[in-house]
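Novice: Attaching a single structure in structure tokens format; questions to follow.
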Amino acid sequence: MAEESRPAFAAERRERILELVRAHGSMSLRDIAVKVHASEVTVRRDVRAMEAEGLLDRRRGGAALPGRIGHEQSYTGKSGQCAAEKAAIASAAARLVRPGDAITLGPGSTAEALARELRGHEDLTVVTNSLRAADVLAGAAGVEVVMTGGTVHAPMRALIGPAAEAALSGLRVNRAFLSGNGVSADRGLSTPNPAVASVDRALADCAEETIVLADHTKVGADTMVPTVAPEDIAHLVTDSSADPEVLMTLEESGALVHVVVVADERGQ
């Protein structure tokens, strides 16, 4: 009887996996396993079978809908994913900011989390194209916020286009903080949208060093447009669920990798 019920259970579990990936765009095997109450080994087997049926694409350590390499998820869709990891990454990244620094800050939910961490800093200038980050920092007494100008790109809540790029031209800052949509050892940081990528490059080009903020779902992922080459990433701040092989290869390219542990992983 157990053998007869097993296929039905597998079918239900795979349907749930598909629902989760459709809702989030992409997910790590670890997060899927928690949601469907199964082991990562079982989920990996399910994802492999679903890829054979054309339902999902396997990614290193995760799964995505087919063709997601050029897909840009909405800000709302991304902001709820890996919230604890993003908060821990932002806290660690804030410690890389020095008094008197001028920095550039790109768009994205992890960058917004960093903006929240920077509100207590003093004598800090933040140049950003992120509407959310600017709003978070607007009331911070010790932080001067400089907006780039440009055209509003709704999915990212960011300013893009020639005006944004021109505002960054000729600037010189200490550090750039970017999150993007994927970071791999082969192509570095990347994003699905060419217009967003152009401003991301400008944010990085005016900085002495670039710091990438990427939770484990982005590590090893590759999207359509590269923005920062692997050898130009000075620091990568990620969480402990990131693929260690990818992290090792990025370290070999010259990045200093900072791995944070979220509170629930410490048993708190």
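The values are calculated or read from the model by the stated rules, or taken from the named source; none is laboratory data. Model, not experiment: these values are computed from the prediction. Cβ coordinates were reconstructed from backbone atoms using ideal geometry, including for glycine residues, and neighbour counts include every protein chain displayed. The area values use the complete protein model at the heavy-atom level, side chains included, leaving out ligands, DNA and RNA. Shrake-Rupley method; radii C 1.70, N 1.55, O 1.52, S 1.80 Å.
Novice: Taking a virtual spin label 7 Å from the Cα of ALA83 along the C-beta vector, which residues in region 126-160 bring their backbone nitrogen under 13 Å of it?
Specialist: Backbone N within reach: none found.
Novice: Shifting gears a bit: Do me a favour and compute the ellipsoid semi-axes for region 74-258 from its Cα gyration tensor, root of five times each eigenvalue, largest one first, whole Å.
Specialist: Result for region 74-258: semi-axes of 22, 18, 16 Å.
Novice: I've got another one for you. Given a 1.4 Å probe, how much area per residue of the chain is accessible, in Å²?
Specialist: 45
Novice: I want to check the label-to-label distance for THR249 and ARG116. Put each point 7 Å from Cα in the C-beta direction and report it in nm to one decimal.
Specialist: 3.3
Novice: Same structure again: To the nearest 10 square angstrom, how much accessible area does ARG16 have with a 1.4 angstrom probe?
Specialist: Result for ARG16: roughly 100 Å² accessible.
Novice: Of the accessible area of the chain, with the probe set at 1.4 angstrom, what percent is carbon plus sulfur?
Specialist: Percent of accessible area from carbon and sulfur atoms in the chain: 50.
Novice: Follow-up question, since we're still on this one. Which three numbers, in whole Å and largest first, are the semi-axes of the equivalent ellipsoid of region 8-65 derived from its Cα gyration tensor as √(5λ)?
Specialist: 14, 13, 11
Novice: Assuming R0 = 45 Å, can you tell me the calculated FRET efficiency for the pair GLU208 and ARG22, based on Cβ-Cβ distance, to the nearest 0.05?
Specialist: 0.65
Novice: Using the Cα centre of region 82-164 as origin and beta-carbon charges of +1 (Lys, Arg) and -1 (Asp, Glu), tell me which of LEU118, ALA83, LEU96 is placed farthest towards the positive end of the dipole.
Specialist: Of the options given, the answer is ALA83.
Novice: Label ALA141 and ALA10 with points 7 Å out from Cα along Cα→Cβ: what is the distance between them in nm?
Specialist: Modelled inter-label distance: 6.3 nm.
Novice: Note down the nm distance, to one decimal, between modelled labels 7 Å out along Cα→Cβ at VAL34 and at SER169.
Specialist: So the two model labels end up 4.5 nm from each other.
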